[in-house]
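Shown next, in structure tokens, is the structure this report addresses.
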Amino acid sequence: MFESLRPFRRREALRDARAGVTLAAMNIPQVLGYTRIAGMPVVTGLYTLLFPLAAFTAFGSSRYLVVAADSATAAILASGLAGMAPVASPAWVTLAGYVALLTGIFLLLGRLLRLGFIADFLSQTVLTGFLTGVGFQVGIAVLGETIGLPVHSQRTVEQFIEIVRGLPALHLPVLFVSGAVMGLVLLLRYLAPKVPGPLVAVVCATAASALWRFSVHGVPTVGSIAGGLPHTNLHVLPWRQILALVPVAGSCAIMIVTQSAATARVYALRHDQKLDENQDLVGLAAANVASALTGSFVVNGSPTQTAMVETAGGESQKAQLATIAVVACVLLFLTRPLQYLPQCVLGVLVLLVAIHLIDVRGLLAMRRESPGEFAVALITAVTVVAVSVEAGILLAMALSLVRIVRHSYRPHTGVIQLQNGNSWKAIPVAPGVVTEPGLALYRFGASLFYANANLFAEELLRLAGPSSSPVRWIVVDAEAITQIDYSAARVIAQLNKELSDNGVALGFARMPPDTLADFHRHHLAECIPPSRIFARLHDVLSAYQKAEEQAAAPGSAAPPAEDPDRA
């Protein structure tokens, strides 16, 4: 426990404390905004910065990761609970608590099964698409509140249609307040990026609302907020209702594992810190259980909040302890002024976060460099907006796995040729394409297994087929073949026989040790002897040229060139 706090040095502790105060100043408005996404009472956002933060500090391993309310998991929660209870009601808060509890159980189960590696199976492509979709969904969800239009639908597309139809009935006072707050935040971000613009905007808007009584002029405010430290709000629910929450918790758990692991890994590498991703799962599980038991909602490792700590100079979870102290003071002594905070201000803060999630630059770069991956990201984003966040994250996982399988099923292949005597270049496989007359060095860019073995055989037979330059040797560059399974071994044995019957010798070069072990285990060495296994590609050229010279020598008793075993 408390690995993320060690070693304790006074000078570093003071620097972390200053970073923690800065994090609180910048993060309090943000987590208040996240409650609008999650449909939770405003004060529960502050709760996520107390015991959940302390729980991860105690049990996690990352020195930088900030675990609190997050836009992605808040969106999943709101989407999953839609229709189960009135938003922000005690019943809704209870359901949210059970989702956090189930999420914590799933994360703990993930630790027991050592599932920290799951994060590696979600590609940057689909994560970019997923977060872009979440950005659009969240932005549209708060847009009505930001411009003063009532929105009743729970689905993103229908919400957008309602907003467009309601534009003639815009509420000008709300629109004016929202515009002023957004302008202030953006101005401070441009002129003084180190100043916590959202906090300044919240303070100014709250003071103006109290002074000029915004609520009287039709600008809704947050209203009375219960002060004091949090308390449990979990009531006994029927099993049927709890089971209905399992898919929501599962989606949250997947999002937490992937986002938290990716964020923690970035900062661990940047600061040369040892990271235990499975131990972080324990910390994340403890944080969500603590959130459930203190009347709050699901928490996640946040990239933006972690960046805040690093920018402020924090180097360990001691910064989070300072944040906890500041938030506790706010809950005990400063909740009363928050009742004057206009609701549209929180909508503006969330809208700014949503815009930040939409990675237009990344999508455009993806479109230029890899149109196929851009299409995958776009499909993921559209699914999140048009269907649901849960469907988006499941699709993201499926597409990531499909991409992995596709790369193995249809790997890069080609005939490699020597360029300028010192470099190799791959040429697409086609009849007549050879490395040099009579010899084809064939490269296969993946492990050989049952799904791609037929492609391997088809391309080799195509190389050996009728052409103006008959092939006598085909040697496979096996550098990228890290495994050969049983089915692929049978295909190789049959292929070797078929090629041999047609006067073509099959060999392998640059086989990794594990692949060579598979080669012997599947008895392929009985039909492809050691003389056809080469350590280097240049060895293949030397052996082939020597065999050709012997075959061409007048009166030579050398064997024909197509039999490299005897050559």
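For the range 411-552, a crude dipole built from +1 on the beta carbon of Lys and Arg and -1 on the beta carbon of Asp and Glu, taken about the Cα centre, is about 100 debye to the nearest 20. What shape does the range 7-102 take by its C-alpha gyration tensor, where a ≥ b ≥ c are the square roots of the eigenvalues and a/c under 1.5 counts as rounded, a/b above b/c as prolate, and the rest as oblate? Note, shape of the range 7-102 comes out prolate.
Selection among L243, L331, P437 by position relative to the dipole of the chain gives L331 as farthest towards the positive end (Cβ unit charges, Cα centre).
Using C-alpha pairs below 8 Å separated by at least 6 residues, the relative contact order for the chain is 21 percent. Among the trypsin sites (Lys or Arg not before Pro) in the range 220-288, those placed in a DSSP loop whose Cβ has at most 12 other Cβ atoms within 10 Å are K274.
The range 267-301 and the range 412-476 have Cα centres lying 50 Å from one another.
Rounded to the nearest 20, the Cβ-based charge dipole of the chain about its Cα centre (Lys and Arg +1, Asp and Glu -1) stands at 1740 debye. Look at where the Cα atoms of the range 302-343 and of the range 48-127 average out, and the two centres are 19 Å apart. Under a 5 Å amide H cut-off, with hydrogens placed 1.01 Å from N, V433 pairs with nothing among residues at least 5 apart or on other chains. A helix-only calculation puts the chain at -19500 deg cm²/dmol for mean residue ellipticity at 222 nm, using -39500 (n - 2.57) for each DSSP H run of at least four residues, averaged over all residues.
Choose one of T306, G166, L234: the residue whose Cα lies farthest towards the positive end of the charge dipole of the range 3-405 (beta-carbon charges +1 Lys, Arg; -1 Asp, Glu; about the Cα centre). Value computed over the given set: T306.
How big is the antiparallel share of DSSP beta bridges in the chain, given as a percent to the nearest 5? Within the chain, antiparallel bridges account for around 50 percent of the total. Name the shape class, rounded, prolate or oblate, that the alpha-carbon gyration tensor gives for the range 3-405, where a ≥ b ≥ c are the square roots of its eigenvalues, rounded holds for a/c under 1.5, and otherwise prolate holds if a/b is larger than b/c and oblate otherwise. Verdict is rounded for the range 3-405.
Read the figures in this text as sums done on the coordinates, not as results from a lab. Note that the coordinates shown come from a computational prediction; the quantities given were computed from them, not determined experimentally. Note that we place each Cβ from the backbone using ideal geometry, even for glycine, and neighbour counts take in every protein chain shown.
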